[in-house]
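Presented below is the structure to which this report refers.
The values are calculated or read from the model by the stated rules, or taken from the named source; none is laboratory data. Since we're looking at a predicted model, the values are computed, not measured. Counting neighbours? That spans all protein chains shown, and the Cβs are built from the backbone with ideal geometry, glycine included.
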Amino acid sequence: MYKIDLHTHSVRSPDGRMTKKHYQRIFEEGILDAIAITDHNAISYALEMQSVFGPKIIVGEEVDVRLGNLASKLNTNHNPAEKYEIVGLFLQNQIPPGSDLIGAIDAIHKQHGLVYIPHPNIRQRNGVPFEVLKHPEVLPSIDILEGFNARSLFWTKTNLRGMTFAREYELPYACSSDAHGFNELGSTYTIVNRLPTRSNLLKLLTNAQYAKEPVKPWKFLNPKFNVLSKKLESIKKTIFA
Ligand SMILES: [Zn+2]
């Protein structure tokens, strides 16, 4: 059995803290068998870690996108400027942030990546709303839906509806930590029976098992704390330079 986490953040995310020594521990201590590094609008650290740890690191990116033209095609009121986040997995090139949803999805697929929808319908976390996901221009392009996000602490009801949505629309789904620090890993993940690759992951997910425990409240503040401590470090550097 292989424990995989498809949505996590390294030190390259402004609010992330995980470094090479953490990935070393993740694999040595068997916390996970494969991990996708999905930094905000960046893939450089993921690429670097993949060159060290090989296929156990999946190169991903959590990209900021805009709803764009699709807004006018929806029945409910939407604004083209609405901001969402989507994840590309198995990427080779960075997807530029700020493009429209459909354009970003196409760019992920063009480089043979997989489209993963994080925290669906949780607007407070820039999750793509269900009515957008259901749109015929979007639904067939979704490869994996996040059925459970360990950091969606305050939106438990919506969080759990992700899995129901995935089952209803027969989408493969994963449960992921969205960890920004090492101590958030290992309680929410997906269990599959092989090491995942671009070509086998979707099939593996049809038969997956899940561990899903929300992050502990004191670990929930990791991203805020990380941003603050990075700021302090850079101030220290300027003062003592
Ligand atoms: Zn994230």
* From the options Leu114, Leu32, Leu91, residue that is under 20 Å from Asn183 (Cα atoms) and either crowded, with 24+ Cβ neighbours inside 10 Å or touching a strand residue (DSSP E or B) at 6+ places or on another chain (Cβ under 7 Å) (or both) -> Leu32
* Structure fact -> Scanning the range 58-74 for residues that are buried (at least 19 other Cβ atoms within 10 Å of the Cβ) and touching an Asp or Glu at 6+ places or on another chain (Cβ under 9 Å) gives Gly60, Glu61, Glu62, Val63, Val65, Arg66, Leu67
* To do: For the range 127-144, state whether one or more residues are within 17 Å of Thr206 (Cβ to Cβ), within 16 Å of the ligand (Cβ to nearest atom), at pLDDT 95 or above and not aromatic (Phe, Trp, Tyr).
  => yes
* Pick from the range 94-111, criterion over 21 Å from Asp5 (Cβ atoms) and in contact with a Leu (Cβ under 9 Å, 6 or more places away or on another chain), ranking: surrounded by the most Cβ atoms within 10 Å (Cβ to Cβ) -> Leu101
* Can you pull out the helices (runs of 4 or more DSSP H) entirely within the range 152-241 that have at least 1 residues that are more than 22 Å from Leu114 (Cβ to Cβ) and modelled with pLDDT under 80? -> 156-168, 217-220, 222-240
* Restricting attention to the range 89-109, report how many residues are in contact (Cβ under 8 Å) with a residue 40 or more places away in the chain and within 16 Å of Gly127 (Cβ to Cβ). => 1
* In the set Glu184, Glu168, Glu213, which member is away from the ligand (no atom under 16 Å from the Cβ), under 16 Å from Thr8 (Cβ atoms) and either surrounded by fewer than 16 Cβ atoms within 10 Å (Cβ to Cβ) or not β-branched (Val, Ile, Thr) (or both)? -> Glu213
